[in-house]
1. Say we look at the range 152-188 and pick out the residues that are part of a loop (DSSP other than H, G, I, E, B) and under 24 Å from the mean Cα position of the chain (by Cα); which of these is modelled with the lowest pLDDT?
2. Is one or more of the residues making up the range 241-255 touching a His at 6+ places or on another chain (Cβ under 6 Å) and either closer than 26 Å to Asp152 by Cα or touching a residue at least 24 places away in the same chain (Cβ under 8 Å) (or both)?
3. In this structure, is Arg220 within 20 Å of Thr104 (Cα to Cα), surrounded by 15 or more Cβ atoms within 10 Å (Cβ to Cβ) and among the charged types (D, E, K, R)?
4. Considering only the range 189-223, how many residues are of a type in the set (A, V, I, L, M, F, W, C) and over 22 Å from Asn160 (Cβ atoms)?
5. Is it the case that the range 241-262 has a residue that's part of a loop (DSSP other than H, G, I, E, B) and more than 23 Å from Thr70 (Cβ to Cβ)?
6. Show the residue pairs meeting these rules: Cβ distance below 7 Å; 6+ apart or different chains; first residue within the range 167-191 and touching a residue at least 12 places away in the same chain (Cβ under 8 Å) and more than 12 Å from Phe63 (Cα to Cα); second residue assigned to a strand (DSSP E or B) and of a type in the set (D, E, K, R).
7. Pull up the range 1-10, narrow it to residues that are at pLDDT 70 or above and exposed (fewer than 10 other Cβ atoms within 10 Å of the Cβ), then point me to the one that is nearest to Arg271 (Cα to Cα).
8. Please determine whether any residue of the range 373-386 is out of contact with any strand residue (DSSP E or B) (no Cβ under 9 Å at 6 or more places or on another chain), modelled with pLDDT under 85 and over 25 Å from Val295 (Cβ atoms).
Amino acid sequence: MGNPNILDDVFEKFVNEATLFKDREVLRHDYLPDKLPHREDQIRLLGQAVAPVLKGSRCSNIFIYGKTGTGKTAVTKYVLSHLESKAKEYGAPVRFCYVNCRMTGSEYRVFASLSQSLGLSIPFTGLSVGEVFDRFRAGLDSTRTLFIIILDEIDALIKNRGDGIMYELTRINEALQKSKVALIGISNDLRLKEFLDPRVFSSLSEEELVFRPYDAGELRNILLERSKLGFFEDALSDSALSICSALAAAEHGDARRALDLLRVAGEVAERQGSNKVTEEHVREAEKHIEHNKVVEALKNSTLHAKLVLLSVYHLGKANGSSATTGEIYDVYNELCGELGVSLLTQRRIGTLINELDAIGLLNSKVVSMGRYGRTKKIRLEISRSLIQDVFGTDARIGRLMSFQPNIPKNTNTRSRK
């Protein structure tokens, strides 16, 4: 092992030197503050929507939309924690369960989480989804409660697994005798309606709430409130606060991003032994976060998304230019053959390319080919070395980095089906 003295120095320096942070946890985006600035209207509307449960009636199903970092989860948790204490006061039989669908990842795990919140024990695997659902429904009915289910990032589950789970949950009240269920769905994708069966959508979104992004002034207020709790007095310069808000507002008013920037800037300043967080520390933090965000996005992509990115990587390496969907599909076909995994359809790959474009890993633009019509040209939006670093160490696809797919030299043929 390396020289332990180096680490002793690092740790002792950290423990003994003056710190800038009073409480760094306050600057994490999952911290729930006592006040949520600039979301009073949404708090009131959501409160009015769920209030009927205090008198023993089921409330409407509610759908909440808005981009990441617009306060959807914070407002929902805030309203429901207040509802819970009021329900105890009035003796109303209200319970709720919060599930993050991106973390849970499958219908089985969602129903298992809901069952566990009622005290039912469900094995980690081994039952059919239908069996888990039946156990949940029977268990719920025996509790005689008004059960509010919050499905956060529901768009992630529906895009990967379809809307079967929503269909079951929106119909569940028909089969319950003594309990009632209300749903709160939270989505980062405003186009979620396109992925849902119209029947599911009409029974799900009885009420809708849309959260608009914060502007720079609002973000500055949010950061100011949090920084008073998170930093010691005078540890944060005004310009650092302003630039954090401006950067996050420019990137669509994301309060999570603003808080991350502020916290990481504080960590950068601390490591440099500075006694104040400055604009330079924020700039440094931005580079740091940007790099980590892309690495995370690459690591957490699905297998087929990785294979699409790898196909674009190989095409760029061979031809040095952007590729068409047809060319990407041909290379993707070869990579799947090499790994022994079954192919997705060309249409599904087209959708994947659009999703990778939306999160900034690919760049696709439509260009005119004169009399041949229009075609989509796709290239990597991130550095090739980053792909090499992340995929090179990936247990499953690492060996495909050196694979030589059969790519014709710089052919501008239109996409082959």
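1. Gly162
2. no
3. no
4. Total satisfying the criteria: 7.
5. Within the range 241-262, not a single residue is part of a loop (DSSP other than H, G, I, E, B) and more than 23 Å from Thr70 (Cβ to Cβ).
6. Qualifying pairs under 7 Å: Asn173/Lys180.
7. Ile6
8. Yes, the range 373-386 contains at least one residue that is out of contact with any strand residue (DSSP E or B) (no Cβ under 9 Å at 6 or more places or on another chain), modelled with pLDDT under 85 and over 25 Å from Val295 (Cβ atoms).
The values are calculated or read from the model by the stated rules, or taken from the named source; none is laboratory data. What you are looking at is a predicted structure, and each value in this text was computed from that prediction instead of being measured. Note: ideal-geometry Cβ built from the backbone for every residue, glycine included; neighbour counts use all protein chains shown.
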